[in-house]
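These notes concern the structure reproduced below.
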């Protein structure tokens with residue numbers, strides 16, 4: 001959990017660790033998660049100024065006085081119909097509104113504070129996800145009132161009866177004019193821009209408005225998001241984008257980040273385009289017309305949901321869960337709380353998220369970055385593996401100790417260990433190594449495993465097999481040393497029990513070493529010194545054992561006596577068998593896996609190497625996590 005915090009992921013609930021490792025569907029919001037949330041107005045379209053939008057330089061003032069005058073009405077309306085402002089060069093408020101306010105300043109319209117002082121607000125209709133627009137009524141310097149509306153084109157354009165051209169003349173808004181505006185909006189959206197329409201009027205916000213134009217706001221994808229999406233796909237986690245933007249904007253961003261296949265890219269295949277080109281997107285309006293069963297079918301082939309509201313997000317999460325998927329959901333708004341609560345793991349945005357969304361979530365991203373979720377998933381899988389390592393070590397040691405006593409009793413042998421020695425093994429020798437296994441560093445290949453089924457038991461058949469083999473080796477080796485030390489009269493001496501006691505402890509240490517990884521060689525892949533806590537724990541345990549053997553007052557307590565270096569070497573050689581056998585098992589399983597993988601790759605590629613090369617590159621990228 002502390003390692004997750006260092007990666008900017010705060011876990012509020014510990015069960016979320018298990019859910020993260022099982023997640024196979026990741027529903028993410030576009031703005032701020034896939035994109036930088038650093039918005040800027042880069043294009044403006046005014047009716048009557050031609051069919052091509054005018055490009056703006058977001059960071060530099062406009063030099064042409066005529067263009068300043070031309071753009072003044074649309075930016076004045078945008079500033080008045082917003083709540084953001086610029087304080088000490090920083091945007092305070094929503095990023096979308098901040099982009100308009102900043103652009104208005106660069107165009108020369110004026111700063112937001114002075115404009116709102118000249119045009120005081122009389123009434124406000126706040127933006128909501130159903131109406132898809134915001135409107136304000138203001139008083140003008142002439143003593144009259146006027147309305148300004150800002151929102152999605154489909155919400156603003158039907159309310160307009162006229163449009164204003166670049167010369168401030170008004171014209172009836174005819175069907176060809178509306179078609180041109182809609183086509184221009186689609187063209188701008190295909191470049192990944194968020195499109196807002198602005199209009200003004202004097203009587204009502206419902207009709208007879210004057211259409212002013214369109215602003216195109218850029219919000220570029222975050223660096224590294226494309227690679228992260230590819231890594232998630234390679235690891236069996238499907239990323240689904242949920243956004244309130246229009247189809248063209250959503251599709252363009254989805255193609256840029258790798259959620260949808262770009263038809264112009266080299267990776268576009270006929271099957272992928274068939275799956276994701278048209279059927280891979282769905283609107284909130286379509287969801288409203290579907291039954292729950294139809295939504296369950298739709299989510300299987302959909303990667304982008306556009307024009308969605310919080311109610312749609314809840315339906316999408318439940319539809320995925322109906323298929324048995326483990327769903328992670330990101331959100332930042334108050335209305336996202338139901339979906340965050342319903343998801344198997346709700347993830348709130350730490351920077352832009354509201355207090356309500358954070359309260360409803362299981363995890364908080366401090367940097368609002370999608371890559372942080374990937375790191376958190378890797379950590380969650382690592383924690384799960386550390387728990388299994390801890391259990392395997394503790395079970396094998398406990399089974400060995402019980403079996404040793406039981407077999408000695410069954411075959412009428414003297415007990416190889418006395419009560420104090422058994423307590424020493426269970427409390428002192430097992431504790432530190434077991435705890436250090438719980439902080440084993442995350443394996444670089446952990447994300448290759450894919451999501452884990454939520455109903456898979458933590459103690460599996462394979463684990464039990466390894467526990468039995470380890471316990472058998474420990475018991476056999478300890479009994480061998482003990483019986484070999486006994487005299488013909490089978491009278492137990494301090495040396496006999498010291499030898500069996502120390503042999504068991506050494507078996508414990510080698511067994512802990514082998515438990516550090518289930519499939520990789522500790523010597524050749526993991527590295528003996530890669531877990532510093534483990535090295536310290538084992539070192540401390542060995543020092544403690546030597547103190548028990550050689551310090552007089554401890555010798556009296558544990559009934560031990562000093563041993564020679566030859567004795568220690570002899571016992572170390574026998575105890576290492578549990579480690580050597582496990583290393584041989586790992587090598588054998590790796591050879592068998594390589595044979596099976598080679599056959600599968602040959603079958604799938606038909607002997608070709610291109611697909612294999614691409615797969616290997618993605619897997620190499622995953623290792624860097």
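The values are calculated or read from the model by the stated rules, or taken from the named source; none is laboratory data. Predicted, not measured: the structure shown is a model, and the values here were computed from it. All Cβ positions, even for glycine, are placed from backbone atoms using ideal geometry, and neighbour counts span all protein chains on display.
Before we move on, is residue 67 part of a helix (DSSP H, G or I), touching a helix residue (DSSP H, G or I) at 6+ places or on another chain (Cβ under 8 Å) and modelled with pLDDT of 90 or more? No, not satisfied. Consider the range 112-133 and keep the residues that are closer than 12 Å to residue 76 by Cβ and touching a helix residue (DSSP H, G or I) at 6+ places or on another chain (Cβ under 6 Å). The one that is surrounded by the most Cβ atoms within 10 Å (Cβ to Cβ) is 112. Taking residue 359 and the conditions (1) in the same structural domain as residue 237 (by TED's automatic domain parsing); (2) in contact (Cβ under 8 Å) with a residue 24 or more places away in the chain, which numbered condition does it fall short on, given that it satisfies the others? For residue 359, the failing item is (2). Scanning the range 466-490 for residues that are outside any helix (DSSP H, G or I) and either touching a residue at least 12 places away in the same chain (Cβ under 8 Å) or closer than 17 Å to residue 512 by Cβ (or both) gives 486, 490.
Checked against (1) surrounded by fewer than 22 Cβ atoms within 10 Å (Cβ to Cβ); (2) farther than 23 Å from residue 28 by Cβ, residue 230 passes all but a single condition, namely (2).
Run down 308, 302 and say which single residue is in the same structural domain as residue 366 (by TED's automatic domain parsing), over 21 Å from the mean Cα position of the chain (by Cα) and over 25 Å from residue 18 (Cβ atoms).
Just one listed residue meets the conditions, 308.
Name the residues in the range 169-198 that are part of a loop (DSSP other than H, G, I, E, B), surrounded by fewer than 22 Cβ atoms within 10 Å (Cβ to Cβ) and touching a strand residue (DSSP E or B) at 6+ places or on another chain (Cβ under 6 Å), would you? The answer is 173, and nothing else.
Taking the stated definitions as given, is residue 355 over 19 Å from residue 518 (Cβ atoms) and crowded, with 24+ Cβ neighbours inside 10 Å? Considered against the rule, which asks whether it is over 19 Å from residue 518 (Cβ atoms) and crowded, with 24+ Cβ neighbours inside 10 Å, residue 355 comes out as no. For the range 435-451, taking the residues that are in a loop (DSSP other than H, G, I, E, B) and surrounded by 18 or more Cβ atoms within 10 Å (Cβ to Cβ), the one that is nearest to the chain's Cα centre (by Cα) is identified as 451. Of the residues making up the range 73-90, those that are surrounded by fewer than 21 Cβ atoms within 10 Å (Cβ to Cβ), under 36 Å from the mean Cα position of the chain (by Cα) and not in a strand (DSSP E or B) are 83, 84, 88, 89. So, in the range 398-428, how many residues would count as being over 20 Å from residue 494 (Cα atoms) and either under 49 Å from the mean Cα position of the chain (by Cα) or assigned to a loop (DSSP other than H, G, I, E, B) (or both)? Looking only at that region, the number is 10. Residue-level analysis places residue 463 outside the set of residues that are surrounded by 20 or more Cβ atoms within 10 Å (Cβ to Cβ), in contact (Cβ under 8 Å) with a residue 12 or more places away in the chain and closer than 20 Å to residue 380 by Cβ. For the range 345-352, the count of residues that are part of a loop (DSSP other than H, G, I, E, B) and surrounded by 23 or more Cβ atoms within 10 Å (Cβ to Cβ) is zero. Taken together, the criteria exclude residue 339 from residues that are more than 30 Å from residue 443 (Cα to Cα) and surrounded by fewer than 24 Cβ atoms within 10 Å (Cβ to Cβ).
So residue 8 fits all but one of (1) buried (at least 23 other Cβ atoms within 10 Å of the Cβ); (2) touching a helix residue (DSSP H, G or I) at 6+ places or on another chain (Cβ under 6 Å); (3) not assigned by TED's automatic domain parsing to the domain that holds residue 164; what number is the exception? Just one mismatch for residue 8, condition (1).
Restricting attention to the range 34-48 and to residues that are surrounded by fewer than 23 Cβ atoms within 10 Å (Cβ to Cβ) and closer than 30 Å to residue 330 by Cβ, the residue that is farthest from the chain's Cα centre (by Cα) turns out to be 43. Residue count for the range 523-534 under the criterion of being touching a helix residue (DSSP H, G or I) at 6+ places or on another chain (Cβ under 8 Å) and either farther than 14 Å from residue 442 by Cα or assigned to a helix (DSSP H, G or I) (or both): the result is 5.
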